[in-house]
Amino acid sequence: MKKQTLFPLMATAVCLSPFSVNASGGHWLVDDAAVIPPQTFGVEAWYEDFGSSADAFTVQPAYAFANGLEVTGVIESVSMGSGRDEGYGLEGKYLWRDFEAGDDFGLGLVITSAFDDSASLDEIMAYVPVTFPLADGDWLVHVNVGVMQDRASDDDETSGFYGVGSQLAIGGGVEWIAEVLESTEDDTFAQTGFRFALGQTDGVLDVSYGWNLDNSDDDWVTLGFAWEF
C-alpha cells in the first residue's frame with residue numbers, strides 16, 4: 001500500500017492471459033483485505049512521477065505466514081527536485097476473515113510505521129481494510145478506515161482517513177481499478193488505472209493516474225510491478 005509515500009508528499013506491451021481479481025495493495029490508495037498465499041514471498045515495486053522534477057521509487061518485499069499474518073518491508077527513495085531522501089518502513093497485515101479462502105467478505109487490520117534515513121520514526125498508521133467480493137469475485141469493493149500520526153512535525157499531528165476502491169476484471173487478463181481517499185487533515189485524492197497479467201506467470205503490471213481533487217498541481221502517474229514466488 002502506498003500511504004507511506006502519499007501522505008508525506010501530500011503532499012504505476014505485455015502478454016496477457018485471463019486471471020481472477022487479485023489483491024490491490026502496492027501503490028494503490030485503498031488497500032484490500034487480502035494477503036499473498038501462506039508461506040509465500042512477494043515483491044512489489046513502483047515508480048511515481050509527480051511532475052516538476054518530483055518523483056518516488058518504492059520497493060516492498062513481503063512474506064505471508066500460515067496464520068494469516070503478512071509482514072512487509074518498505075524501501076523508498078523520494079525526490080522533490082533538489083536531491084533525494086530515503087525512507088524505510090515496516091507493515092503488518094492480519095486477516096480475521098479471508099474472502100479468497102471462502103469467507104463472504106474480507107476483514108483485516110493493518111499497522112504500518114515509516115522511518116527516515118536516520119532511523120527516526122516519522123509516521124505510524126493503523127487502519128481496517130474490508131473487501132466485498134461481488135459478481136462471482138470478478139468485482140471487488142474495498143473500504144478502508146483508519147488513523148495516522150505524523151511524528152515528523154513538532155505537534156505529532158493525528159488525523160483520520162477513509163477510502164473506497166473498486167476493482168473490476170474486464171477480461172483478457174485486464175482489471176480496471178478506481179478509488180478515492182480522503183483525510184480529515186488533508187485534501188481528497190483519487191486514482192484510476194489498469195492492471196495487466198504477465199502471461200502465465202504470477203506477475204502483474206499496473207499503470208495508473210492519480211490526482212488531488214482539491215489541487216491539480218499534485219497529480220501523479222505511476223508504473224508498478226508485483227510478483228509472487
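The values are calculated or read from the model by the stated rules, or taken from the named source; none is laboratory data. Small disclaimer: the values here were computed from a predicted structure and weren't measured. Because the Cβ atoms are built from the backbone with ideal geometry, glycine has one as well, and the counts that use them run over all protein chains shown. In case anyone asks, the SASA skips ligands and DNA or RNA and just uses the protein heavy atoms, side chains included. Shrake-Rupley method; radii C 1.70, N 1.55, O 1.52, S 1.80 Å.
The table below lists the values:
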quantity: Local electrostatic count, ASP49, Cβ distance below 13 Å [Lys/Arg +1, Asp/Glu -1]; calculated: -4
quantity: Directionally averaged projected area (convex hull, Cα atoms, the range 80-149), nm²; calculated: 6.6 nm²
quantity: Total formal charge among the other residues, if their Cβ is under 13 angstrom from that of PHE105, Lys/Arg +1 and Asp/Glu -1; calculated: -4
quantity: Dipole magnitude (debye, nearest 20) for the chain, charges at Cβ of Lys, Arg, Asp, Glu; calculated: 780 debye
quantity: Most positive-pole-ward Cα, LEU205, TYR127, LEU109, against dipole of the chain from beta carbon charges; calculated: LEU205
quantity: Stokes-Einstein diffusion coefficient of the chain, Kirkwood radius over Cα pairs, 20 °C, 1.002 mPa s, in µm²/s; calculated: 122 µm²/s
quantity: Protection-proxy order for peptides 173-179, 49-55, each taking the mean of Cβ atoms within 10 Å per residue, highest first; calculated: 173-179, 49-55
quantity: Structure-based [θ]222 nm, the chain - -39500 (n - 2.57) summed over DSSP H runs of at least 4, per residue, nearest 500; calculated: -1000 deg cm²/dmol
quantity: With every protein chain in place, the chain: carbon and sulfur % of accessible area (1.4 Å); calculated: 58 percent
